[in-house]
């Protein structure tokens with residue numbers, strides 16, 4: 001929460017002393033340990049893991065794995081009526097000029113067709129902390145400094161701590177009920193969604209939380225999503241807390257921009273031309289879907305991500321030949337090792353099984369690597 005203001009002050013002090021406040025390492029291998037105050041490294045060629053010990057001079061160390069990290073030592077002690085001592089986290093996007101490899105963030109909210117994520121946490125007893133998932137937005141495409149709006153999702157909290165501001169209502173998002181808090185930490189506005197009981201793992205739509213926040217803040221579709229982050233805010237202790245798995249994907253191809261000279265997202269421009277055939281077998285309350293993705297462009301695809309939104313009432317229970325993020329609402333399907341390369345004029349297929357309620361319908365649109373596809 002308040003860590004960005006404190007981090008900015010600390011960075012200024014370090015800069016004045018001629019010391020770099022952020023230590024960058026190469027891609028993380030198994031069991032990479034970081035104890036530097038702002039040390040970071042990359043994992044999976046896609047995400048950044050940072051130690052981010054911004055609120056204490058006491059030691060904090062994290063062990064970085066191929067899919068997340070664990071706190072191995074946390075010696076700081078924070079005031080439970082004030083700010084935490086750190087925010088070790090893994091993220092996709094940009095944080096104080098350190099952008100994750102190949103990220104398409106910042107991206108304007110109006111241009112997002114889907115934004116999905118999957119997270120798994122490991123919790124410990126005897127410590128005071130929250131398991132914090134952060135979504136950052138700003139009126140400009142900022143890659144440095146403090147953003148204007150922070151969305152916090154508290155998957156768990158232990159000890160006598162609470163979010164910034166005050167509790168204002170409850171909301172149902174992603175099929176779960178949340179206590180909603182709003183306030184400001186002096187440098188940015190904060191909307192917090194607090195789980196009534198601990199959540200250890202979840203695949204969900206980030207866009208669902210952004211859309212709800214738009215009804216409670218100054219955020220509009222013209223704002224920019226700058227980063228998606230998951231980690232912990234410890235006050236006291238925390239050794240053993242871990243993000244065991246993290247993934248995030250943001251796809252473009254949202255509504256057309258207001259500038260008439262800009263290309264329509266329904267017309268491929270700079271991305272792969274594509275056609276999707278969506279065939280289903282439906283019964284009672286269940287269904288299967290076979291999805292054929294055809295590369296109708298002039299060059300080969302080397303890795304693909306297909307974004308789509310399931311109609312209300314539908315939920316995925318299993319899949320094959322693709323890795324799916326999300327089980328309802330916004331879905332992201334990524335290639336697996338054997339079908340990532342699709343030649344020009346070629347195609348690949350994957351499928352999934354699910355349940356539904358009410359009338360059955362198919363997704364209305366698909367985007368391949370951010371480009372809207374035609375329907376077969």
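The values are calculated or read from the model by the stated rules, or taken from the named source; none is laboratory data. Since this is a predicted model, take the numbers as computed values, not measurements. Cβ sites come from the backbone with ideal geometry, for glycine too, and all protein chains shown count toward neighbours.
The table below lists the values:
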read-out: Selection from the stretch 357-374 of residues that are in a loop (DSSP other than H, G, I, E, B), farther than 16 Å from residue 301 by Cα and within 22 Å of the chain's Cα centre (by Cα); value: 365
read-out: Yes/no for residue 201 being closer than 20 Å to residue 103 by Cα and touching a strand residue (DSSP E or B) at 6+ places or on another chain (Cβ under 6 Å); value: no
read-out: Matching residues, the stretch 44-66, being surrounded by fewer than 24 Cβ atoms within 10 Å (Cβ to Cβ) and within 17 Å of residue 245 (Cβ to Cβ); value: 44, 45, 46, 63, 65, 66
read-out: Check on residue 133, surrounded by fewer than 21 Cβ atoms within 10 Å (Cβ to Cβ), more than 15 Å from residue 183 (Cβ to Cβ) and touching a residue at least 12 places away in the same chain (Cβ under 8 Å); value: no
read-out: Residue 199 vs. criteria surrounded by 16 or more Cβ atoms within 10 Å (Cβ to Cβ), in a strand (DSSP E or B) and either over 15 Å from the mean Cα position of the chain (by Cα) or modelled with pLDDT of 95 or more (or both); value: no
read-out: Residue check for residue 63: outside the structural domain of residue 324 (by TED's automatic domain parsing), over 13 Å from residue 234 (Cβ atoms) and in a strand (DSSP E or B); value: yes
read-out: Hey, residue 228 modelled with pLDDT of 95 or more, surrounded by 17 or more Cβ atoms within 10 Å (Cβ to Cβ) and assigned to a loop (DSSP other than H, G, I, E, B) or not; value: no
read-out: Exclusive hit being outside the structural domain of residue 202 (by TED's automatic domain parsing) and touching a helix residue (DSSP H, G or I) at 6+ places or on another chain (Cβ under 9 Å), set 322, 330; value: 330
read-out: Residue check for residue 173: touching a helix residue (DSSP H, G or I) at 6+ places or on another chain (Cβ under 6 Å), closer than 25 Å to residue 114 by Cα, surrounded by 15 or more Cβ atoms within 10 Å (Cβ to Cβ) and modelled with pLDDT of 95 or more; value: no
read-out: Complete set of residues in the stretch 115-130 that are within 29 Å of residue 222 (Cα to Cα) and either touching a helix residue (DSSP H, G or I) at 6+ places or on another chain (Cβ under 7 Å) or surrounded by fewer than 20 Cβ atoms within 10 Å (Cβ to Cβ) (or both); value: 115, 116, 117
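This table checks each residue for (1) within 16 Å of residue 238 (Cβ to Cβ); (2) assigned by TED's automatic domain parsing to the domain that holds residue 96; (3) in contact (Cβ under 8 Å) with a residue 40 or more places away in the chain.
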{"position": "32", "(1), (2), (3)": "no, yes, no"}
{"position": "43", "(1), (2), (3)": "no, yes, yes"}
{"position": "58", "(1), (2), (3)": "yes, yes, no"}
{"position": "69", "(1), (2), (3)": "yes, yes, yes"}
{"position": "80", "(1), (2), (3)": "yes, yes, yes"}
